[in-house]
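Encoded as C-alpha cells, the structure appears first; notes follow it.
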C-alpha cells in the first residue's frame, strides 16, 4: 500500500490526486488530436470541484489555467485560451498603499473631519450653514454610538470649532435635539433572553430540580 506522504505533492490539492494523474497523463499522449480531446475530458472532470459555480468565461479560463499549472506549463494543447506565463503566478502582488492620516477625534471618524475641512472652504452662506448642521448631527450620532452614552451639545459645538480651525459655527443648535441613538439592547434581544431563561427553568423542573 502506498501512502500519500510517499507520493508526489499535489500541485492544486482541491482537485485531488486523480485529476492530477489524468493531467500528467496528457503529457504522454503523442497524438495532438487525441491529446486535445483528452484535455477537454480533464476540464470536464475539474468542473465537478465547482458544482455551484455558473458556467462562465471566468470559470472556464480559470480551469484551463489550473490545468497548465498542474502540468507545470508543459502541456501543449489547442485550448480556447493562450497558455499563461509561469511568471504570472510566481510573481508577488504589489504591496497596497494604505493611507496614513491621523484622526484627531477617533469617535467622529475621518469622514466627518474631512467634511468639516471641506465646509470651511465654502463662503458664508445658507448652504454652508446647512452643511454644518448635517455634519454636527452626524458627529453627535457617531459620538453616542462610539461611547454608548449621551453627549452634551456644547461638546459638539466646541469640537466643530476646533476641527475647522475656528472657521465654522453651528448657528441652529436645536438641530442636535433631533439626533437619537439607541444606547440600550433592543427589545427583541431582551425577549429572547427571557425566553431562554424560562425554557431552562422548565428543563430543571422536569429533571427534578437538577
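Every number here is computed from the coordinates shown, using simple stated rules; none is lab data. These numbers come from a predicted model, not from an experiment. Because the Cβ atoms are built from the backbone with ideal geometry, glycine has one as well, and the counts that use them run over all protein chains shown.
Values as computed for the structure displayed
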quantity: Sorted by Cβ density within 10 Å, fewest first, the residues 161, 56; calculated: 56, 161
quantity: Cβ-derived FRET efficiency at R0 35 Å, residue 14 paired with residue 83, nearest 0.05; calculated: 0.95
quantity: Region 4-90: relative contact order in percent, alpha carbon pairs under 8 Å with at least 6 residues between; calculated: 32 percent
quantity: Highest to lowest packing among 176-182, 33-39, scored as the average C-beta count within 10 Å; calculated: 33-39, 176-182
quantity: Ranked by how many other beta carbons lie within 10 Å on average, peptides 78-85, 129-136 from highest; calculated: 129-136, 78-85
quantity: Region 1-142 pair-distance distribution - Cα-Cα, 5 Å bins, rounded %; calculated: 2, 8, 13, 12, 11, 7, 4, 3, 5, 7, 8, 8, 6, 4, 2, 1, 0
quantity: Whole-number Å³ per residue for the convex hull built on Cα positions in region 100-147; calculated: 64 Å³
